[in-house]
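Only one structure is covered here, and it is reproduced in the block below.
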């Protein structure tokens, strides 16, 4: 059954226990998942083995750009223990289908009329390779070691072509063309605007123009990718275990490439050790391993190593912005213009979704009446790109909050005061930003108090106006500064998510959903929602996600949507199931359902708790058969699909205090403060964990992490010795304060929280560094703020000062 949320929201929000004060919703219940994971009982892809399984390894391109002249597999095929070697000639010539949010919806296409060029990526490169790590052959052997060794015996004759190793290189006159049929390297171009930006700039008292760059990054989940595929004897039915974030879209991808009906493919995601967007797309390896299993009629398994992951798994983030802001002399923002460039890599399965999402967040929660953004996306001979936690939002907040910081300097105005002056107030909510959101609906921020959180954040970190924060050490080497960044983010993305809730014959509750967890705590929060509806303890509610055989439809764990969309689906299903329980028990108790109470796992009449039935007894009575108590003959189970009526907007403000050593360029984070609004928190402890994890990833983006390619398109950061990530030594105590501003767009009043923590840290930290070094002065134009980069800014400022 499916109910439009608008109908329910108008009638009043579902209370957490659907009728009175919540018992479990809003409590920091310990995570159900943790016991098995902390005691070594987790079951990841690498832990799963089946009898007779073979192992896959991939021959990957060692060059960034080349034509494939020939592939000689004979030596590998003759190696003992090798079962098969597949090249592009042997596998289906079907392009990898787009990511589930593959393109703008028709209303956006009609409104902005983007120029988009298509490019097909096949599961094995046949005529040309376009990035280091692209797979050209697959070896199947009796052990992973034999398979890996045999890849060295596959000889590929490459005719190397000039690489396209940067945005500038892609746009340079005479550049090699990554996709020949395009004629150039421009993958997409479009403009989004509102008001009259040109007129706003013409009448401005102050115009501030800067260039800002966001580096290429890897999401770097702790667990690499992996796939295991088996075939049912005597059929073409496949079971595929994958460390994916989206089992249902992956099933469609595999089925399409292999020419099978979706019903013939079952996809299971066991325990998944992190995803962050990297595991949300369909890769070549998943259909390839499934193809090998289907062809050889034996199970086939592949586990990615870290070098493969850094080369061949998707990257994210890289953008270059030329942004300018128009203001009045008293600090009112009149207009914003941005021209930015995006590196898609060799392929992207999301078309313009990321840059469009960047545009959707480029105005933040500020009143900006006139706006214009021009986007150019390019192809390069680097790894393909896809969403990474935040998915376009950090790329928006960095240039926005940095240009506001620069504007405050130009106006000789305190940066906190400038922000406060231009932030939308609660009285103005819901606030129409004036452009279309990525879903095609009008972009309307439905609630929140960002200005209030800004004031609270400034007070909590001890900020004082007027530069009193810039305390220098006694030796004059270390300087302190403060930085702020605010954000809003669209969460709870549709179009739907489902939940199937069932009372088992032992009285326990099973919840099946299309979303699967990679650390978010779904099992716990969905159990809390369900427990309140059914009057049971969450410990007897068992949540199972990530298996296409348990629920027919699903969308997946992405875009800060699971709690909002799947959580409300669970609430609806459990509420309907509660009524079925009462109806069945009414027959057993010879009472009217309205006179019954469901609590502590038992049903009894009001005022007569002495005669009651347990959920187990009611479940057995509801089973179809000769002892059926009456009512529906499908037992105590309900399946519900929730369709959110619109996007609900989470928000927050971050503040950083840093200390910069001007001799070494080292930036030390001293304090970090977060105020965030995710609506009603189902489990505050889990919410805080999500925020903390996101902030740490944001700190990594600000200070450490960067995927680096050389001029030949060779990736230089292929191990964790080269790609630096934060450790406990890099992370200060992080203060997190939750602000409860319930959403009115879904019955539970919740907003997404999974990505927000990653969004403001690069901007907040960059602003703090610039504040600390205001005496030089410097302009922080890019991330990461490595010691070498910071020291180069200081040296350049000194040289300019001396020359002047």
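Taken together, the values in this text are just the output of simple stated rules run on the coordinates, not laboratory data. Note that the structure is predicted; figures quoted are calculated from it, not measured. Here the Cβ positions follow ideal geometry from the backbone for every residue, glycine too, while neighbour counts run over all protein chains shown.
Computed FRET efficiency, Cβ-Cβ of residue 774 and residue 367, R0 30 Å: what is it to the nearest 0.05?
Efficiency, rounded to the nearest 0.05: 0.65.
Can you tell me what share of the DSSP beta bridges in the stretch 450-560 is antiparallel? A percent to the nearest 5 is fine.
55 percent
Once you have the Kirkwood Rh of the stretch 485-630 from its Cα pairs, apply Stokes-Einstein at 25 °C and 0.890 mPa s and quote D in µm²/s.
D = 151 µm²/s.
Neighbour counts of other C-beta atoms within 10 Å: give me 34, 330 arranged from fewest to most.
330, 34
Among 268-277, 526-535, how do they line up by average Cβ neighbours within 10 Å per residue, starting with the highest?
Sorting 268-277, 526-535 by mean packing, highest first, produces 526-535, 268-277.
Take peptides 431-437, 474-480 and line them up by average Cβ neighbours within 10 Å, highest first, as a rough protection proxy.
431-437, 474-480
Jot down the per residue volume, in cubic angstrom and as a whole number, of the convex hull over the alpha-carbon atoms of the stretch 639-775.
About 189 Å³ per residue, rounded to a whole number.
Report the relative contact order of the chain, percent, no decimals, based on alpha-carbon pairs under 8 angstrom and at least 6 residues apart.
17 percent
Could you please tell me the mean projected area of the C-alpha convex hull for the chain, averaged over all directions and given in square nanometres to one decimal?
37.2 nm²
Distance between Cα centroids, the stretch 787-804 to the stretch 287-307: provide it in whole Å.
53 Å
Could you please state, rounded to a whole Å, how far the C-alpha centre of the stretch 200-272 is from the C-alpha centre of the stretch 682-760?
About 19 Å separates the Cα centre of the stretch 200-272 from the one of the stretch 682-760.
In nanometres, what is the gap between the two model label sites at residue 664 and residue 803, each 7 Å from Cα along Cα-to-Cβ?
Result: 3.0 nm between the two label points.
Under 13 Å from the 7 Å Cα→Cβ point of residue 77, by amide nitrogen: which residues of the stretch 142-167?
154-155
At what distance in nm do the modelled label points of residue 115 and residue 215 sit from each other, each positioned 7 Å from its Cα along Cα→Cβ?
3.2 nm
Hey, how much of the P(r) for the stretch 278-344 falls beyond 14 Å, as a percent of Cα pairs?
Result: 75 percent of Cα pairs exceed 14 Å.
How large is the Kirkwood hydrodynamic radius of the stretch 636-676, counting all unique pairs of alpha carbons, in Å?
By the Kirkwood definition, the hydrodynamic radius is 14.9 Å.
Could you tell me what percent of the DSSP beta bridges with both partners in the chain are antiparallel, to the nearest 5?
Here the share of antiparallel DSSP bridges comes out near 80 percent.
Rounded, prolate or oblate: pick one for the stretch 299-411, where a ≥ b ≥ c are the square roots of the eigenvalues of its C-alpha gyration tensor, a/c under 1.5 means rounded, and failing that, prolate if a/b is larger than b/c, else oblate.
The shape class here is prolate.
Rounded to two decimals, what is Rg over Rh for the stretch 399-475 when you use alpha-carbon atoms and the Kirkwood radius?
1.10
Can you give the extra length, in nm with one decimal, that the chain gains between residue 417 and residue 724 once fully stretched, where that is 0.36 nm per residue apart less the Cα-Cα distance?
Fully extending the segment from residue 417 to residue 724 adds 107.0 nm.
Any chance you could run the full-extension gain for residue 600 through residue 473? It's 0.36 nm times the residue separation minus the Cα-Cα distance, nm to one decimal.
Full extension of this stretch gives 39.6 nm more.
Packing-wise, with mean Cβ within 10 Å as the measure, how do 575-582, 763-770, 489-496, 25-32 rank, highest first?
So the order, starting with the most tightly packed, is 763-770, 489-496, 575-582, 25-32.
Let a ≥ b ≥ c be the square roots of the eigenvalues of the Cα gyration tensor of the stretch 222-362; is it rounded (a/c under 1.5), or, if not, prolate (a/b larger than b/c) or oblate?
Because a/c hits 1.5 or more and a/b exceeds b/c, the stretch 222-362 counts as prolate.
Which whole number of Å³ per residue matches the convex hull of the alpha-carbon atoms in the stretch 571-661?
Measuring per residue, one finds 224 Å³ for the Cα hull of the stretch 571-661.
Once the principal axes of the Cα atoms of the stretch 702-794 are found, what is the range along each, listed largest first in whole angstroms?
For the stretch 702-794, the Cα spread along each principal axis is 53, 39, 25 Å.
So how far apart, in nm, are the two label points at residue 329 and residue 47 if each is 7 Å from Cα heading toward Cβ?
Distance between the two pseudo-spin positions: 6.8 nm.
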